[in-house]
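Quick notes on the structure that follows.
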Ligand code: G1P
């Protein structure tokens, strides 16, 4: 069993890229077919053996926390109607998850969101999962990273090669000299948050999965806010590099950027095609389209 028992899910953002859908509905609750994105992300953590889910929420995000609680009236209704299959789907969500929720009162950035989890995490290594990065994989991506952490220590950051014109959307990792004998692993010497393409140090983009030692909290406390007044996680990791090894890990699996409309649609189509219930009919429908 991995040393990683807790996962932090920063989810306080306003989701402006999906307005008007996200005016009152948290973006994390937008479904891929019928599964809220936050549930997909939590499931990845549970599949990796992580036991405690720490949701960092903000105003207007109550439904996301409710989603992991018992829904007494709904469950009672389904039970009385004999809708056992739906009942177990609904009951499972609250039965298998132990959730702590913490409010990030001000939108002070991703680094600040992670810092909000400090007392809930305590003095142990932990995972961070950004639910709008959806990763489809036979082995949960965060589980792959937890294994690397158990063997190597330091901090493990998921990375992916992206086309040079895309790197400005991401944190860009700077590979250190030398290489690691471990497949898919690259020791890093630094990283830059959303560099202009012309100044990017590499096309190795940071994706929303991280495994950190508890020392990251002290580093985040030392980071100065950026020009927008936000504490960037990337700056905290750069601070961590002064005392710990930080590795980039090219995970196995396919990643969708569900925080972007096109990525959201791509995830929806591929997840729908992979389903046993609607997959075959949906495939037929897609074939019939004259596009
Ligand atoms: C955040 C991080 C960035 C990372 C990205 C991955 O940016 O700051 O380093 O590449 O997540 O999705 P955001 O997408 O929140 O702007």
Against the definition (within 16 Å of the ligand (Cβ to nearest atom), within 15 Å of the chain's Cα centre (by Cα) and under 23 Å from residue 19 (Cα atoms)), how does residue 253 come out, yes or no? no
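Looking at 269, 291, can you tell me which residue is closer than 14 Å to residue 31 by Cα, without any contact (Cβ under 8 Å) to a residue 60 or more places away in the chain and over 15 Å from the mean Cα position of the chain (by Cα)? Show your work before the answer.
Details: 291 fails: closer than 14 Å to residue 31 by Cα.
It is 269.
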Name, by its number, the condition in (1) farther than 19 Å from residue 168 by Cα; (2) surrounded by 15 or more Cβ atoms within 10 Å (Cβ to Cβ); (3) modelled with pLDDT under 95 that does not hold for residue 253. (3)
Looking at 103, 98, which is the one that is modelled with pLDDT under 95 and under 30 Å from residue 26 (Cβ atoms)? 98
Hey, can you tell me all the residues within region 207-227 that are free of Cβ contacts under 8 Å to residues at least 60 places away in the same chain, within 16 Å of the ligand (Cβ to nearest atom) and in contact with a helix residue (DSSP H, G or I) (Cβ under 7 Å, 6 or more places away or on another chain)? 219
Is it true that some residue in region 185-205 is more than 23 Å from residue 148 (Cβ to Cβ) and out of contact with any helix residue (DSSP H, G or I) (no Cβ under 8 Å at 6 or more places or on another chain)? yes
Cβ pairs under 6 Å, 6+ apart or interchain, first in region 130-153 and under 12 Å from residue 256 (Cβ atoms), second more than 16 Å from the ligand (Cβ to nearest atom) and not in a helix (DSSP H, G or I), ordered by first then second residue, are 137/252
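Every residue, every condition in (1) at pLDDT 95 or above; (2) surrounded by fewer than 24 Cβ atoms within 10 Å (Cβ to Cβ); (3) under 21 Å from residue 51 (Cα atoms); (4) within 12 Å of the ligand (Cβ to nearest atom), yes or no:
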position	(1), (2), (3), (4)
125	yes, yes, yes, no
129	yes, no, yes, yes
142	yes, no, yes, no
146	yes, no, yes, no
Restricting to region 106-123, name every residue that is within 12 Å of residue 7 (Cβ to Cβ) and either within 13 Å of the ligand (Cβ to nearest atom) or modelled with pLDDT under 95 (or both). 114
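The values are calculated or read from the model by the stated rules, or taken from the named source; none is laboratory data. What you are looking at is a predicted structure, and each value in this text was computed from that prediction instead of being measured. Counting neighbours? That spans all protein chains shown, and the Cβs are built from the backbone with ideal geometry, glycine included.
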